[in-house]
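Only one structure is covered here, and it is reproduced in the block below.
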Amino acid sequence: MKKIKFTLNDSRNRLLLLGGLILLMFFAVAVKLLWIQIVSGTELGKRATVQVTDKIKRHTPRGRIVDRNGEELAVSIMVHSLYVNPDEMNKSAKPGKKETEYRDIPRIAAQKLAPVLNISEKALYDDFTLKGQFVWVKRMLEPRDYEQVVKIIKENKLPGLHFIAESKRYYTKKSMAAQVLGFVGTDDSGLSGLELALDSILKGAETRQTKMVDAMGRTIADRDTDLEENREKTMVATVYLTIDSKMQFVIEDALDDAMKRTNAAAAAVLIMDPHTGAILAMGSRPTFDPNDFGKYPAVNWLNRAISIIYEPGSVFKPIVGTMGLSEGLVTPDTPINDTGSIRIADRVISNWDDTGMGLCKFEDVIKYSINTGMVQLGMKLGAQKEIDWAKKYGFGTATGIELPSEEDGILYDPKNMYEPDIATLAIGQGIAVTPLQELRAICAIANGGELLKPYIIDRIVAPNGEVIRKGKKQVVRNVITPEVAAQMRGMMEKVVSEGGGKTARIKGYRIAGKTGTAQKIAEQGGYAAGKYIASFVGFVPADKPQYAMLVMLDTPRGAFYGSQVSAPIFRDTLQQILVAKGIQPSNSEGLPSFEAHMKPGQKEKPANALPSLKPKGKNWIVPDFSGLDARAITGELQKGSMVLEPYGSGKAYKQRPAGGTEVEPGSKIEIWFQ
């Protein structure tokens, strides 16, 4: 066999070949590195950053909502939300070198946390055993629950459970003014009421936390970043409402009492400044607690003061009366023949009691709510004038208040009205209005003829104290003359002093008002049998109105006339407010002197001898308030969150419970004044 000989040249060639191959490899690697570093470097750097970092969105607290005096109604605080990193938790649960090291961490965590979080053990275990690095467990933990969860995590050495700070909304008065305030969702977005309408103003700034994580998503290092686009808004404004918390509390209490007494399906109450259009109180039933809005049916969220429409019935008669006065068709003394019923085409319209008064003045038509007299006026006005005047009063169009979901109401097209339609419109049928529209129209009578735009935002104040928006009086138009307004005010005052609204009388005060009872419209059309809307609208004092108020009860059971169920609410509510605000009676007629109720030897207490509530544990001892006025007593009772139920005016001479009685915070104290 011939041997192959290798020469020196062969070795050199092979080394050169090998060196060339190695050099080529180095060159290829260098080119690839240059490509990665220069051409794809930016994109690949971004990918690497994404893989090792995690960004979490957060919101700073929303702006406060407060009443006209700065009392907090809605505030936000930072709370903790719990999330799980399933990959981290399950990686830690795998068996180690020894079988005894195995712990079923998802199972242990689910068992320990279920009773605290009020979530089923199975639901928690299912979340803990998912694949991934982020699953919400429970948002917005209460401080007490957060502390318990932290303790459980530490004591049981549970990996994979972490917290994120989030802003949570609290409504300090719970259900008070719930439909006005509305509520927010878990992502801090307004979903209802003012929270929705002012979401862009109230919403906190969105910030993000960037943190370094390992392959399982576990935090390596944190660094808070305030992204450029989020630096603009680090603090938010405070919204001041026109609402007076004390008035609001009174109407809420009155609504609760009315719902219990009348078993009504729903209700609404409004108080408005008749000279500015500012809403001082607005309540609706059924209601809800916005702190837990999800526990209530959606119908409870509805603000019935603006979002439902109904036929107003007889509370519409003063408005039609001003139409006749303005057109020169009637005066307060114009004679009207009331026969108890009247036929218009194929329709017979009767008075509420089916009786007639014979020949009477037009002011008696308003005073006693005589349907036949109003129908006669309506037929003289005709369809076109009725609708034109209704539009002047703002009916058929939303008022423009700052709250969402306001209804327009419904008005006839005058071209489509038949004679019975003209007749029934004059008694408040065939027209659909909201409670706010009705009260606004009555305020035009109270203030001398100005139709105002209602408003509920007093001002919005920036963090630096600058007022960035100010609510103010806005006159939409002058509807009637001051003379016509004065004539109707006089007639409405007689409704309360002499006519069908006597149940609204407050001794010593001049009250103007009108009762109303209307059949409820059925969903399928026509009227629902045995279902009525009972209402009362009025203002006080009649000669110099300061407060205008409307009460509307939907389907009260038992007594259903406005004079029976709504007027007493008007009376009791405004009586408390008048006394609390120190508005003195117009006269002392019917009010016995204070001295007549003094006990033998009793002396009036000097102003500086104000008795005070005395704490006893969580309760209070009520003092003897004899001889004191309502303003002083109200101020003292507010220390214990108590409600004054006043009767009469002047100086206190009797109270229930008696002085020295132990009562709970929030109790109602009845006091008689003379």
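Restricted to segment 218-286, the set of strands (runs of 3 or more DSSP E) holding at least 3 residues that are surrounded by fewer than 19 Cβ atoms within 10 Å (Cβ to Cβ) and at pLDDT below 90 comprises 219-225.
Go through the residues of segment 418-425 one by one and say whether even a single one is part of a loop (DSSP other than H, G, I, E, B) and surrounded by fewer than 16 Cβ atoms within 10 Å (Cβ to Cβ). Working first, answer last.
At the first step, the residues of segment 418-425 found to be part of a loop (DSSP other than H, G, I, E, B) are 418.
Checking which are surrounded by fewer than 16 Cβ atoms within 10 Å (Cβ to Cβ) leaves us with 418.
Taking every residue of segment 418-425 in turn, at least one turns out to be part of a loop (DSSP other than H, G, I, E, B) and surrounded by fewer than 16 Cβ atoms within 10 Å (Cβ to Cβ).
Taking only segment 314-358 into account, find how many residues are in a loop (DSSP other than H, G, I, E, B), among the small types (Gly, Ala, Ser) and touching a residue at least 12 places away in the same chain (Cβ under 8 Å).
Let us first name the residues in segment 314-358 that are in a loop (DSSP other than H, G, I, E, B), namely 328-334, 339-340, 345-346, 351-357.
If we keep only those that are among the small types (Gly, Ala, Ser) too, we end up with 328, 340, 345, 356.
Pick out the ones that are also touching a residue at least 12 places away in the same chain (Cβ under 8 Å) and you get 340, 345, 356.
Here the count works out to 3.
Among the listed residues Ile621, Ile669, which satisfies the condition of being surrounded by 20 or more Cβ atoms within 10 Å (Cβ to Cβ) and either at pLDDT 80 or above or touching a strand residue (DSSP E or B) at 6+ places or on another chain (Cβ under 7 Å) (or both)? So that I can check it myself, show each step before the final result.
Details: Ile621 fails: surrounded by 20 or more Cβ atoms within 10 Å (Cβ to Cβ).
Unique residue meeting the criteria: Ile669.
The sole residue among Glu406, Glu438, Glu483 that is among the charged types (D, E, K, R), buried (at least 23 other Cβ atoms within 10 Å of the Cβ) and touching a helix residue (DSSP H, G or I) at 6+ places or on another chain (Cβ under 9 Å) is Glu438. Ala542 meets the stated requirement of being buried (at least 21 other Cβ atoms within 10 Å of the Cβ) and either free of Cβ contacts under 8 Å to residues at least 24 places away in the same chain or within 30 Å of Asp629 (Cα to Cα) (or both).
When you check Lys385 against the structure, is it at pLDDT 95 or above and within 36 Å of the chain's Cα centre (by Cα), yes or no? Give the steps one after another, and end with the answer.
Numbers: at pLDDT 95 or above: yes; within 36 Å of the chain's Cα centre (by Cα): no.
Considered against the rule, which asks whether it is at pLDDT 95 or above and within 36 Å of the chain's Cα centre (by Cα), Lys385 comes out as no.
Looking at segment 482-498, can you tell me whether even one residue there is among the polar types (S, T, N, Q) and part of a strand (DSSP E or B)? Within segment 482-498 (the criterion being among the polar types (S, T, N, Q) and part of a strand (DSSP E or B)), the answer is no, since none of the residues qualifies.
For segment 443-454, filtering for residues that are under 9 Å from Ala278 (Cα atoms) and surrounded by fewer than 23 Cβ atoms within 10 Å (Cβ to Cβ) leaves 1.
For segment 165-175, a residue qualifies if it is more than 17 Å from Pro297 (Cα to Cα) and not in a strand (DSSP E or B), and the qualifying residues are Thr172, Lys173.
Can you pull out every residue in segment 27-77 that is hydrophobic (A, V, I, L, M, F, W, C), at pLDDT 60 or above and over 30 Å from Gln248 (Cα atoms)?
Quick first cut of segment 27-77, residues hydrophobic (A, V, I, L, M, F, W, C) only: 27-31, 33-36, 38-39, 44, 48, 50, 52, 56, 65-66, 73-75, 77.
Pick out the ones that are also at pLDDT 60 or above and you get 27-31, 33-36, 38-39, 65-66, 73-75, 77.
Listed by number, the residues that qualify are Phe27, Ala28, Val29, Ala30, Val31, Leu33, Leu34, Trp35, Ile36, Ile38, Val39.
Taking the conditions exactly as written (more than 31 Å from the chain's Cα centre (by Cα) and either in the same structural domain as Leu550 (by TED's automatic domain parsing) or at pLDDT 95 or above (or both)), does Leu425 satisfy them or not? Yes; evaluated as a whole, the condition is true for this residue. Residues in segment 302-355 that are under 28 Å from Thr481 (Cβ atoms) and among the small types (Gly, Ala, Ser) were compared, and the one that is surrounded by the fewest Cβ atoms within 10 Å (Cβ to Cβ) is Gly328.
In summary, strands (runs of 3 or more DSSP E) completely within segment 618-663 and bearing 2 or more residues that are closer than 25 Å to Gly508 by Cβ occur at 643-648, 652-656.
The values are calculated or read from the model by the stated rules, or taken from the named source; none is laboratory data. What you see is a predicted model; the values in this text were computed from it and never measured. Here Cβ is always computed from backbone atoms with ideal geometry, including for glycine, and neighbour counts include all displayed protein chains.
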